[in-house]
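Below is one structure; the comments refer to it alone.
The values are calculated or read from the model by the stated rules, or taken from the named source; none is laboratory data. Only a predicted model underlies this, so the values are computations on that prediction, with no experimental measurement involved. Counting neighbours? That spans all protein chains shown, and the Cβs are built from the backbone with ideal geometry, glycine included. With ligands, DNA and RNA removed, areas are computed over all heavy atoms of the protein, side chains included. Shrake-Rupley method; radii C 1.70, N 1.55, O 1.52, S 1.80 Å.
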Amino acid sequence: MLVSILLLLIGLVLLVKGADWLVDGASVLAKKRNVSDLAIGLTIVAFGTSAPELVVNVVAASGNYPDIVFGNIIGSNNFNLFVILGLSGLIIPLSVQSSTVWKEIPYSLLAAIVVFFLANNYFVDDTREISRFDAGILLVLFAAFLYYVATQLKSEEGGEIIAVKDYSTLKIWTLIIIGLAGLVLGGKLVVDNAVSMAQSLGVSEKIIGLTIVAAGTSLPELATSVVAAYRKNTDIAIGNIIGSNIFNIFLILGVSGLVRPLGFNPSFNTDIYILMGGTIFLFFAMFTGKRKKLDRWEAFILLSTYLLYTGYLVGMER
């Protein structure tokens, strides 16, 4: 058991550092080849924070562990929304841009609703799964979101500036190769030892996926948003979370469903309801207290809700 915990922690470190090294090397390579800041931000940097979830899910889908796949995605989104936004909002009230309120938050709610209906197959038959056709729908919706982000950034003066270092060609490719290796090895360690821990503890893969794996793969988002809130970059703090939740469902679940059709455990519906409820709460929080701002008391409600619900989930397993 202790060995499984240690190997899982090593896997999480490899995932986070692997993503960091990959983004570092790929960003410098792209800059050297005159790729625009916009393209780097939309592809390499965005992929970097989602890479841990993506790799874990591809490995889990390949090994036919659908509960780890759904637990990681839905758990990561709930962790992002309730814990990371909660902590960030406690540090400083988070001002939110009008486009985030009226477009991105509703789009993240749409993502939760879409996965709910696709996974439960209410309109087709009684087979609960994300099929390859469903995965294609998710990826089309992801492409639509990517197009929206691209047009949004182009409309902003100057666009996003991506700061990159100047490395030698050898160092660039070393970072990319080591980063990819770290992601692959880390993903394998996380999935294998998460399953092993679930068996040793006598709890379901669903609970391990929703808690330990989800929190671990959300570490890049946690670091980004908390540091951004501390530095009073509130747009980054909240935009990072909403964007990540959309990425997780449309891109990562879409790719996972292409690897293998994913059987859906209906007990995840409660977790999706929590995600929908939290997203709706965030939307209406923009109109209570100070407008277009997540106040500290609202952030406290988010964080408290997650802690209470997680305690309930763990208690139900006993």
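Structure summary
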item	result
Tensor-based shape of segment 261-318 (alpha-carbon gyration tensor, a/c under 1.5 rounded, otherwise prolate or oblate)	oblate
Listed peptides 138-147, 106-115, 246-255 by packing density, highest first (mean Cβ within 10 Å)	246-255, 106-115, 138-147
Kyte-Doolittle mean at least 1.0 and Cα axial length at least 30 Å: DSSP H helices in the chain	2-32, 132-155, 169-201
Å² per residue, accessible surface of segment 183-277 at 1.4 Å	35
Charged-residue dipole, Cβ positions (Lys, Arg, Asp, Glu), the chain about Cα centre, Debye nearest 20	620
Proximal lysine pairs, segment 67-220, alpha carbons under 27 Å, eight or more residues apart or interchain	4
Sorted peptide list for 307-315, 289-297, 78-86, criterion being average Cβ within 10 angstrom, highest first	78-86, 289-297, 307-315
Neighbour count of at most 10 Cβ within 10 Å plus DSSP loop: longest GluC sites (Glu not before Pro)-free window in the chain	158-318
Added length on full extension, which subtracts the Cα-Cα distance from 0.36 nm per residue, T169 to F281	35.5 nm
Helical contribution to [θ] at 222 nm, DSSP H n ≥ 4, -39,500 (n - 2.57), averaged over the chain, rounded to 500	-23000 deg cm²/dmol
Extension reserve of the R132-S99 stretch, reckoned as 0.36 nm per residue once the Cα distance is removed	8.7 nm
Inter-part distance where segment 159-232 and segment 76-150 are each reduced to a Cα centre, Å	20
Percent of Cα pairs exceeding the 16 Å cut-off, where the set is segment 60-134	65
FRET efficiency, 1/(1 + (r/R0)^6) with R0 51 Å, evaluated for K232 and Y122 via beta carbons	0.70
Length gained when the stretch I177-Y148 is fully extended (0.36 nm per residue, less Cα-Cα span)	7.3 nm
